[in-house]
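J.: The following block contains the structure, expressed as structure tokens.
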Amino acid sequence: MNPLLIAVPTALAAGAVAAYGTAHPRAQLFGRTIRCTNSPRKLALTFDDGPNPSITPKLLDLLNRYNAKATFFLIGRYVRECPELVQETVTRGHEVGNHTELHPNLLWLNPTKVRVELRLCHDAIRGAIGTPPKWFRPPFGIRNPWVIPAARELGSRTVMWTLLPGDWKERPAEWLIARLQPIAGRAKRSLGNGGNSAGPGTGDVLCLHDGGHRELNSDRSRTLAALEYWLPRWRDLGLEFVTIGEAVSTPAP
């Protein structure tokens, strides 16, 4: 048999596995990640690419209105520009995580450059709030074999998501509102009876954006509008808005 007839399919299969491990939010090929909450009652709200002076303060006020706690994955260079905003975020009971210094695609970086990206952001957050971040999210969700180990070296666990609705896209708020419907659908199936019961299972980790990695004052008003619509509805379904720390702690009774 021609060796190419064996080698080509094998190479294609290996490439498919590697692509899955690199980009799929549920993949664990390159290391363990957090990708859901430990209770169907818990919804972990997460926001990437901040802090953003034009949006984050409004978002903090909105979350406060519904007693919602969230986790913010921050870009190091923005942390250095807006340390007071990071401090305010933590003061209001939210958690912050590492989202690298410059938001590169880590797939193309060697181990040393990956460590530098994570270390610079890690140090920026620690300088702003006095404690190091416990959580890390890779830009674009992309991992290679040394990304998760680099985060672990800094004492951080890697966090992915169950839903990435694409709130950075230039679409109407109504489009984004529709893209968030799966959370309500799963809550209705899991909780039932107006949120009065819940069987065993897991809940969602929602990945939204309060900033943009290309510029400091990105427009994320559509994200605010979508949350204005959904937060009261999710609450009425019986969902609890939690940080990542709460998402992996003992499940709610």
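The values are calculated or read from the model by the stated rules, or taken from the named source; none is laboratory data. Model, not experiment: these values are computed from the prediction. Backbone-built Cβ (ideal geometry, glycine too); neighbour counts: all protein chains shown. We work out accessible area using only protein heavy atoms, side chains counted, and drop any ligands, DNA or RNA first. Shrake-Rupley method; radii C 1.70, N 1.55, O 1.52, S 1.80 Å.
J.: Take the conditions open to solvent by 60 Å² or more (accessible area, probe 1.4 Å) and either on the phi > 0 side of the Ramachandran plot or at pLDDT below 95 (or both) and apply them to Asn217. Does it pass?
T.: Criteria not met by Asn217.
J.: Tell me, yes or no, whether the stretch 204-212 has at least one residue that is in contact (Cβ under 8 Å) with a residue 60 or more places away in the chain and either touching a His at 6+ places or on another chain (Cβ under 8 Å) or open to solvent by 40 Å² or more (accessible area, probe 1.4 Å) (or both).
T.: No, because not a single residue in the stretch 204-212 is in contact (Cβ under 8 Å) with a residue 60 or more places away in the chain and either touching a His at 6+ places or on another chain (Cβ under 8 Å) or open to solvent by 40 Å² or more (accessible area, probe 1.4 Å) (or both).
J.: Still on this structure, please answer the following. Just checking, does the stretch 219-232 include any residue being among the polar types (S, T, N, Q) and either in contact with a Pro (Cβ under 7 Å, 6 or more places away or on another chain) or over 21 Å from Val159 (Cβ atoms) (or both)?
T.: There is at least one residue in the stretch 219-232 that is among the polar types (S, T, N, Q) and either in contact with a Pro (Cβ under 7 Å, 6 or more places away or on another chain) or over 21 Å from Val159 (Cβ atoms) (or both).
J.: Additional query: Please specify each residue of the stretch 225-241 satisfying the condition of being open to solvent by less than 10 Å² (accessible area, probe 1.4 Å) and in contact with a strand residue (DSSP E or B) (Cβ under 7 Å, 6 or more places away or on another chain).
T.: Passing the criteria: only Trp234.
J.: Hey, another quick one. Looking only at the stretch 9-44, count every residue that is among the aromatic types (Phe, Trp, Tyr) and either in contact with a Lys or Arg (Cβ under 7 Å, 6 or more places away or on another chain) or at pLDDT 95 or above (or both) and tell me the total.
T.: 1
For every residue, the table says whether it meets (1) acidic (Asp, Glu); (2) touching a helix residue (DSSP H, G or I) at 6+ places or on another chain (Cβ under 7 Å); (3) open to solvent by 60 Å² or more (accessible area, probe 1.4 Å); (4) more than 30 Å from Pro200 (Cβ to Cβ).
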| position | (1), (2), (3), (4) |
| --- | --- |
| Gly21 | no, no, no, no |
| Cys36 | no, no, no, no |
| Asn67 | no, no, yes, no |
| Ala70 | no, yes, no, no |
| Glu84 | yes, no, yes, yes |
| Arg92 | no, yes, yes, yes |
| Val116 | no, no, yes, yes |
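J.: Here's a follow-up. Do we have Arg222 as crowded, with 17+ Cβ neighbours inside 10 Å, touching a helix residue (DSSP H, G or I) at 6+ places or on another chain (Cβ under 7 Å) and in a loop (DSSP other than H, G, I, E, B) here?
T.: no
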